[in-house]
Amino acid sequence: MRRYALTLFAGLALLMVAAAGANWLIDPYGYWHAPRLTGLNVFKPKAGRHLAAVKGRQAARILPKTIVAGNSRVHVGIDPASAVWPAAYRPVYNYGLPGVGLASLTTGLDDVIETTGATRLYLGVDFIDFRLPKTAWTAPVAYRPPDALALTRDTLISLDALTDSLATVAEQHSAYPFTITDLGANGTGSYDELVATEGHFALFDQRERANIAALSRAERRFDWQTDNPASVALEAFLADMAARGVEVVIFTYPYHAQLLGAFAAVGAWPEFIAWKRDLVRIADAADVPLWDFARFGPVTAERVPAVGDTRTRLDHYWEAGHFKAALGNRLIADMLAGESEIGVRLAPSTVDRALTSNREACRALFRGPDGARLIERAGWRPVAGSGQTLPC
């Protein structure tokens, strides 16, 4: 009986070691930096399961000089390997974390910069991340550093890891593989597949409905008259970066005109304007550049293909909230050059003119058929007695 138990125990131990070895070699999350082998593990479809920890380890390994940080818009739209980055700025790492609020992002980013010694940071900020429910004002989500022991277990000897390793091997033969690069950029296989099967129109339509539903939630507002937690987090983070000697550039995202219109159609345009003024205040106090790409213009008004069109490929957008790397390259190049045709550098002396021109462009949208459709979909109504005929 004792020999049987020992044999069983030894067998189980060997199975665990074999599973851990296979999971390390396949490395489905890109956590262990195992060699990427063609046909086995080049693509990492399950990297999102432990993305914050994966990105922290990746950054610590390559020791970037420059970091580009933000939410999923950075994760998808900024290419750290692009030729637009000067040699003196490289390596560049993409620290875009989908679904992570600004307070958690900056806390995790603080750790990454301390670990890597990066000296330049491009930080994307999102209007939606500043429209917080009241619960976030009283009980903000705290940053939790990754637990190394738990991650070792979860990425090497768990059933999930083994299942994800099998899925990773299978993904290598997919026509539209999803992955994350060693520099943190998101592979766009899932978008490529959706565009090929459903077309850009379906992506835009689905996201518009979801955006309007989320933006219309009464409990989510940008309150600029009190200490907004996201604004407070940004101010504290910039002060910390200044103390460390890190050069910071802040930029807003180049939302497609459809999403800009959705802000207005749900009645959030005054908040959108107030948010930009608040960013100007914060950036000016910290003496950091602030670039605004959240503007109407020829690029952000790129025409959406017709319903059912699965052949047309947009140059700049996947859907209204997520831009392609081609547009991300233009953003970076413009900020490096100090001038832009698609954005404007905001400062106390330029903000009024920039906001006025953008409001007029917004009104032009709502005088057209797409604006009328947005108003109908969002259910916008003018305030009684205000004389307001357009939502912006």
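The values are calculated or read from the model by the stated rules, or taken from the named source; none is laboratory data. Everything numeric here is computed off the predicted structure, so don't read it as measured data. Positions of Cβ are backbone-derived with ideal geometry, glycine not excepted, and every protein chain shown enters the neighbour counts. Heads up: the accessible areas ignore ligands, DNA and RNA and are worked out on the full protein's heavy atoms, side chains in. Shrake-Rupley method; radii C 1.70, N 1.55, O 1.52, S 1.80 Å.
Table for the structure above
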{"read-out": "Test result for GLY56, among the small types (Gly, Ala, Ser) and modelled with pLDDT under 95", "value": "yes"}
{"read-out": "Subset of segment 365-392 (residues that are surrounded by fewer than 12 Cβ atoms within 10 Å (Cβ to Cβ) and among the acidic types (Asp, Glu))", "value": "GLU376"}
{"read-out": "Residues being open to solvent by 50 Å² or more (accessible area, probe 1.4 Å) and out of contact with any Phe, Trp or Tyr (no Cβ under 7 Å at 6 or more places or on another chain) - total across segment 34-59", "value": "6"}
{"read-out": "Qualifying positions in segment 174-193 - in contact with a Gly (Cβ under 9 Å, 6 or more places away or on another chain) and touching a residue at least 24 places away in the same chain (Cβ under 8 Å)", "value": "SER174, PRO177, PHE178, THR179, ILE180, THR181, ASP182, GLY184, ALA185, ASN186"}
{"read-out": "Matching residues in segment 190-209 - criterion: being open to solvent by less than 40 Å² (accessible area, probe 1.4 Å), over 14 Å from PRO305 (Cβ atoms) and among the small types (Gly, Ala, Ser)", "value": "none"}
{"read-out": "Enumeration of residues in segment 351-364 that are in contact with a Leu (Cβ under 8 Å, 6 or more places away or on another chain) and open to solvent by 20 Å² or more (accessible area, probe 1.4 Å)", "value": "ARG363"}
{"read-out": "Options ALA202, ALA167, ALA150, ALA218; residue that is among the small types (Gly, Ala, Ser), farther than 22 Å from GLY328 by Cα and modelled with pLDDT of 85 or more", "value": "ALA202"}
{"read-out": "Unmet criterion (only one of (1) touching a Leu at 6+ places or on another chain (Cβ under 9 Å); (2) under 20 Å from ALA262 (Cα atoms)) for ARG345", "value": "(2)"}
{"read-out": "Residues of segment 324-339 satisfying the condition of being of a type in the set (Asp, Glu) and either surrounded by fewer than 16 Cβ atoms within 10 Å (Cβ to Cβ) or part of a loop (DSSP other than H, G, I, E, B) (or both)", "value": "GLU339"}
{"read-out": "Close pairs from segment 22-35: first on the phi > 0 side of the Ramachandran plot, partner of a type in the set (A, V, I, L, M, F, W, C), Cβ under 9 Å, at least 6 apart", "value": "ASP27/ALA34; GLY30/ALA47; GLY30/VAL54; GLY30/ILE180"}
{"read-out": "Criterion: farther than 26 Å from PRO28 by Cα and polar (S, T, N, Q) - qualifying residue of SER216, SER190", "value": "SER216"}
{"read-out": "Tabulated pairs, segment 194-206, first farther than 20 Å from PHE178 by Cα, second crowded, with 21+ Cβ neighbours inside 10 Å, C-beta under 7 angstrom, 6+ apart or interchain", "value": "PHE201/VAL304; PHE204/GLN258; PHE204/VAL304; PHE204/GLU319; PHE204/ALA320"}
{"read-out": "Single match in ARG330, ARG345, ARG359, ARG373 (criterion: within 30 Å of ASP287 (Cβ to Cβ) and out of contact with any helix residue (DSSP H, G or I) (no Cβ under 9 Å at 6 or more places or on another chain))", "value": "ARG330"}
{"read-out": "Pairs with Cβ under 8 Å, 6+ apart, first in segment 369-382 and within 14 Å of GLU208 (Cβ to Cβ), second of a type in the set (Lys, Arg)", "value": "ARG377/ARG209"}
{"read-out": "Of the criteria (1) modelled with pLDDT under 95; (2) out of contact with any helix residue (DSSP H, G or I) (no Cβ under 9 Å at 6 or more places or on another chain), which one ALA88 fails", "value": "(1)"}
{"read-out": "Selection count where residues are open to solvent by less than 20 Å² (accessible area, probe 1.4 Å) and among the hydroxyl-bearing types (Ser, Thr, Tyr), scope segment 89-115", "value": "3"}
{"read-out": "Pair list, Cβ under 6 Å, 6 or more apart: segment 102-120 residue of a type in the set (Lys, Arg), other residue assigned to a strand (DSSP E or B)", "value": "ARG120/THR66; ARG120/GLU247"}
{"read-out": "Whichever residue in segment 222-236 is open to solvent by 10 Å² or more (accessible area, probe 1.4 Å) and in contact with a helix residue (DSSP H, G or I) (Cβ under 7 Å, 6 or more places away or on another chain) and, among such residues, is farthest from SER340 (Cα to Cα)", "value": "PRO229"}
{"read-out": "Subset of segment 116-129 (residues that are open to solvent by less than 30 Å² (accessible area, probe 1.4 Å) and outside any helix (DSSP H, G or I))", "value": "ALA118, LEU121, TYR122, LEU123, GLY124, VAL125, ASP126"}
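Results for (1) over 23 Å from ALA53 (Cα atoms); (2) among the acidic types (Asp, Glu); (3) in a helix (DSSP H, G or I), shown as yes or no for each residue.
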| site | (1), (2), (3) |
| --- | --- |
| PRO146 | no, no, no |
| ARG153 | no, no, yes |
| SER165 | no, no, yes |
| LEU194 | yes, no, yes |
